[in-house]
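Data first, discussion second: the structure below is written as structure tokens.
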């Protein structure tokens, strides 16, 4: 199973950027979404931004992930 997590782009330089996911910041590749702008949300998978998404969808997905993390899975 693959999982992509929403993150807010807070910095970019050429084909790399920094995203904020909750309290974490990670450097990612943004070459697959060359038009992304600082302040926009992207789906991050395996260290790469794979899609630009709107803020509402980002928050909705983050809330679902938070709820899953609060439950025992196995």
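Any read-out appearing in this document is the output of simple, stated calculations on the displayed coordinates, not a laboratory observation. Keep in mind that what you see is a predicted model, and the values were worked out from it rather than measured. Here the Cβ positions follow ideal geometry from the backbone for every residue, glycine too, while neighbour counts run over all protein chains shown.
The table below lists the values:
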{"item": "Mean separation of Cα contacts under 8 Å, 6 or more apart, over the residue count of region 5-69: relative contact order %", "result": "30"}
{"item": "Residues residue 67 and residue 35, FRET efficiency given R0 of 30 Å [Cβ-Cβ distance, rounded to 0.05]", "result": "0.40"}
{"item": "Ranked 71, 31, criterion: other C-beta atoms within 10 Å, fewest first", "result": "71, 31"}
{"item": "Antiparallel bridge percentage (DSSP; both residues within the chain; nearest 5)", "result": "95"}
{"item": "By average C-beta atoms within 10 angstrom, highest first, the peptides 51-59, 38-46", "result": "38-46, 51-59"}
{"item": "Between region 6-26 and region 37-74, the Cα center-to-center distance that results, in Å", "result": "12"}
{"item": "Region 21-74, Cα convex hull volume normalised per residue, Å³", "result": "99"}
